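The structure under discussion appears below in the form of structure tokens.
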Amino acid sequence: MERLRSAQWYEGQDRNAYIHRAWMRRGVPGDAFTGRPQIAIANTASDLTPCNAHLNEVAASVRNGVYEAGGIPLDLPVVSLGETQVRPTAMLWRNMAAMATEEMLRANPVDGVVLLGGCDKTIPSLLMAAASVDLPAVVVPGGPMLNGTFRGGLLGCGTGVWQLSEEVRAGTLSQEQFTRSESAMIRSRGHCNTMGTASTMALVAEALGTVVPGTAGTPAPDSRLLEAAHHAGRLAVDMVGADRRPATFLTEASFRNAIVALAAIGGSTNAVVHLLAIAGRLGIDLSLDDFDRIGSRVPVLVDLQPAGRFLMEDFHRAGGLLAVLREVRDLLDPDALTVTGGPLAAYLDDAEIWDGEVIRTRDRPLVAEGGIAVLRGNLAPDGALVKPAAASPHLLRHRGRAVVFDSIEDFRARIDDPDLDVDADSVLVLRGCGPRGYPGMPEVANMPLPKKLLAQGVRDMVRVCDGRMSGTAYGTVVLHVAPEAAAGGPLALVRTGDFITLDVAARRIDVDVPDAELARRAPDKATVAGFAAPRRGWERLYVDHVRQADTGADLDFLVGSSGSEVSRESH
Ligand code: FES
Ligand code: MG
């Protein structure tokens, strides 16, 4: 093994080496600082991130594995983001979490890191950090909750909330039953058990090669998760020995595989911004169009909510990600490597589908072409997304009158107004919800439908927004519109009554207003008032530096890598 990075702190007899060692002794073995890899366990456990609250137990298994392989495990609690708890949106701090983790890994005497995440933004922020500091790193996804059950059927996290709350709004479910469903939905430790963003990012992280193959998607209460964590601890020590850093195994091919996986699992649209941001940290030239080019024709093979029926516990039982990837093996790059040093493709040979209802074979897909489609047009010159598998087929080609809302508050104030001029063919437009405008790009694009239309039995409408939507949501939603209204995008110029045309097959989203007239229009005062203008703190930094959704919504000065070098001593 080459000289360890941590030796820059611990080696030698001078005063600084003395200081670095002495304060760390406190009962560790005498040889802890000589040639033993120092492995940080970047842990997003927090009681306020309920999906990750169990990660301290997972960390204990990682510690055992690190010790067993001759390394020294070091707990490193990092910024944690609980999707359901933090306001106004966890996405506002994804980049902050990534920056803080990157900086603390660089500043400290560590040689490698095990990344413990789960809830939506946690794995993306950890991977962005690891990519930028470029130290050997392996992800242990915290795993999904057990299946929820209610009224004798499956009840999925998130998806069930959207469904049941619409039932209450439509008057078909009582308030009391609605409340009773809470504990039926969230039955155990772990993250959301639908194919939402957390499940998607855990599986996509495995497809990228950053997770021990075959372990993402292991339910949080399953003993096999602890076994995987133990193994990851050992592996981190090996990775230091082999100098297996993200820059050495995360390539364009890894991202192509991740996009194929994202499509085949019918994953969350949020994965697009996260993958773009991670690639940006590595200097890999991934673009929005790559998602359409590589992913849009890939069949969806996983019958999980929100697009389908089952939940993650079923997915794991049915064979997990490797069983899915085996079906689309021809679409994968056989050379893309993983944390183990071996190619991902090498793990597919023994993969099997144990339940053909949950994981479909290629000849029986859930959706024939189900990946994410990238739209452009005079409403979204830099792109927008739609997830056809979560949309209504009859709305994929649609022309309708815009009903425009300038902010989420404006939307909430007016959507259920019986006098609102809206019908089933209208296109709901919500702006001011992009990275800058909100700020933080919240998950509001799947706007609830007007009560009066719900009562008429309308269950889906075309919706257009510069924000995101929850990975557990569904509907014909055009989202991540770039540039956002607050960044001067044409979305700011649309007026109620304009006709909007969506044509997913042609990959177009346009407002039927001549360019010359659009150019003459200026956003009115009410529109601009809806955009955030924070004066201090993180929000201020974020708004001044955040990039648009089509490039991953990272901060402009965080794109790329600084490596792990620290040039100066602390004393
Ligand atoms: Fe944490 Fe869904 S709220 S994963
Ligand atoms: Mg979410």
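Quick notes
- Whether region 161-318 is rounded, prolate or oblate, judged on the alpha carbon gyration tensor where a/c under 1.5 counts as rounded: oblate
- Likely footprinting exposure, 119, 192, fewest C-beta neighbours within 10 Å first: 119, 192
- Residues in region 555-571 that a label on residue 15 would reach, taking backbone N under 13 Å of a point 7 Å out along Cα→Cβ: 570-571
- Shown in residue order for region 367-374 are the 3J(HN,Hα) couplings computed by the Karplus curve 6.51 cos²θ - 1.76 cosθ + 1.60 at θ = phi - 60°: 9, 5, 10, x, x, 7, 9, 9 Hz (x for Gly and Pro).
- With R₀ fixed at 30 Å, the C-beta to C-beta distance from residue 346 to residue 103 puts the FRET efficiency at about 0.25.
- Among beta bridges that DSSP assigns inside the chain, antiparallel share in %, nearest 5: 40 percent
- Linear extension gain, residue 363 paired with residue 544, 0.36 nm per residue minus alpha-carbon span: 60.3 nm
- The ranking of 535, 256 by Cβ neighbour count inside 10 Å, starting from the fewest, reads 535, 256.
- In this structure the amide hydrogen of residue 383, modeled in the peptide plane, comes within under 5 Å of the amide hydrogens of 377, 482, none closer than 5 places in sequence on its chain.
- Estimated from helices alone, the mean residue ellipticity of the chain at 222 nm is -9500 deg cm²/dmol (sum of -39500 (n - 2.57) over DSSP H runs with n ≥ 4, per residue).
- Pairwise label distance in nanometres, residue 424 with residue 526, each label 7 Å out on the Cα-Cβ vector: 2.8 nm
- Between helix 94-107 and the chain: long-axis angle, C-alpha atoms, 0 to 90°, nearest 10: 10 degrees
- Trypsin sites (Lys or Arg not before Pro) within region 1-103, DSSP loop, no more than 16 other Cβ atoms inside 10 Å: 3, 25, 26
- In terms of its alpha-carbon gyration tensor, region 378-460 comes out oblate; a/c meets the 1.5 threshold, while b/c is at least as large as a/b.
- Hz values of 3J(HN,Hα) by residue in region 547-560 - Karplus curve (6.51, -1.76, 1.60), Gly and Pro given as x: 8, 7, 4, 5, 10, x, 6, 8, 7, 4, 8, 9, 5, x
- The C-alpha atoms of the chain define a longest principal axis, and helix 55-68 lies at about 30 degrees to it.
- Between 0 and 90°, nearest 10: helix 197-208 axis offset from the chain longest Cα axis: 50 degrees
- Gyration tensor verdict on region 376-551 (Cα atoms; rounded if a/c is under 1.5, prolate if a/b is larger than b/c, oblate otherwise): rounded
- Over region 376-551, Cα pairs under 8 Å with separation of 6+ residues give a relative contact order of 31 percent.
- Two-site FRET efficiency, residue 8 against residue 557, from Cβ-Cβ distance with R₀ of 30 Å, rounded to 0.05: 0.70
- Simple Cβ-charge dipole of the chain, Lys/Arg +1 and Asp/Glu -1, about Cα centre, in debye nearest 20: 740 debye
- In order along region 317-329, phi translates into HN-Hα couplings of 4, 7, x, x, 4, 4, 5, 5, 5, 4, 5, 10, 3 Hz, rounded to whole numbers, per the Karplus curve 6.51 cos²θ - 1.76 cosθ + 1.60 with θ = phi - 60° and x for Gly and Pro.
- Summing Cβ point charges (Lys, Arg +1; Asp, Glu -1) relative to the Cα centre of region 376-551 gives a dipole of roughly 340 debye.
- Relative contact order [Cα under 8 Å, 6+ residues apart], the chain, whole percent: 14 percent
- At R0 = 30 Å, FRET efficiency that the Cβ-Cβ distance of residue 495 and residue 166 yields, to 0.05: 0.60
- Along the axis of the charge dipole computed for the chain (Cβ charges of +1 for Lys and Arg, -1 for Asp and Glu, origin at the Cα centre), the listed residues 402, 555, 45 are led at the positive end by 45.
- Coil-residue trypsin sites (Lys or Arg not before Pro) of region 133-219, DSSP, other Cβ within 10 Å capped at 15: 151
- Put simply, the amide H of residue 405, placed in the peptide plane, has neighbours under 5 Å in 429, 430, 431, leaving out anything fewer than 5 places away on its chain.
Values in this text are rule-based calculations from the coordinates and carry no lab data. Since the model is a prediction, treat every value here as computed from it, not as a measurement. All Cβ positions, even for glycine, are placed from backbone atoms using ideal geometry, and neighbour counts span all protein chains on display.
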